[in-house]
Amino acid sequence: MIIIPRVLATLLAEADEHHQRALALDFAEHALEVCGDRLTPPLRATCTELLAAAREAVGLGRAHERLGRAYDDFHAVRVTPTGGGVSDDASGVALMALFSSTQPLMEAAGLVVRMGSSPPSCTDVARDAQAAVGRRRAEDAGDPAAETSLARSARWEEARWQLVRVIETAPDPSIFRPGSADRGEGDKST
């Protein structure tokens, strides 16, 4: 039996840093699509802008004014838990994806103070997105006896979506093979 979350974690660990950054944002955007109706319209809009600004910063390789504004707006709109932790809804996944993909860029630009800990991994974002989707589906059950089963099934389906996304977006390894005469002409035997 193939355990999708385990295969997903293995593939994410093998992905290069740029691919992991993009995937973290993909996973957060998908969680926002699935769970966003539970957020207030202003919070959903700020999450969407935050992820778009993060994606732009990753593409540029540096933080910029748009990212700073989106981050400030996000915090102005979002109600944080009393304990100071990350919320377990789609907005929490968006914040985790932001730091997973842009924390060093934000630190270098002075948008956040240097954090002592390393950014969350893409695997962390995937896991939290799965959990948020699972909780969302369980809330819809209306039957407390079915909640656990529905949450497990929804987490599995989210992990499956994530695995497909990793495969869809993985670069062709032949174009990166050292010694290829032409960057597009790798080993044709596979």
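Please treat every number below as a calculation from the coordinates, not as lab data. Note that the coordinates shown come from a computational prediction; the quantities given were computed from them, not determined experimentally. Virtual Cβ from ideal backbone geometry, glycine too; neighbours counted across all protein chains shown.
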Exercise. Give the Rg (one decimal place) followed by the Dmax (whole number) of region 16-169, computed from C-alpha coordinates and expressed in Å.
Key: 15.4, 49
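How much net charge surrounds residue 106 when only the other residues with a Cβ under 11 Å from the Cβ of residue 106 are counted, with Lys and Arg +1 and Asp and Glu -1?
On the way: positive: 62, 114; negative: 107.
Around residue 106, the surrounding residues sum to +1.
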Practice problem: Counting only C-alpha contacts under 8 Å and six or more residues apart, can you give the relative contact order of region 16-169 as a whole percent? | Solution: 28
Quiz item: Under a point spin-label approximation (7 Å from Cα along Cα-to-Cβ), what is the residue 140-residue 73 distance to one decimal in nm?
Solution: 2.8
Quiz item: Once you put a point 7 Å from the Cα of residue 10 and another 7 Å from the Cα of residue 170, both along the Cβ direction, what distance in nm separates them?
Solution: 1.0
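Between residue 33 and residue 121, what FRET efficiency follows from the Cβ-Cβ distance if R0 is 22 Å, with the result rounded to 0.05? Intermediate values should be presented prior to the final figure.
Values: r = 22 Å, r/R0 = 1.00.
For R0 = 22 Å, the calculated efficiency reads 0.50.
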Quiz item: Between residue 48 and residue 149, what FRET efficiency follows from the Cβ-Cβ distance if R0 is 25 Å, with the result rounded to 0.05?
Solution: 0.20
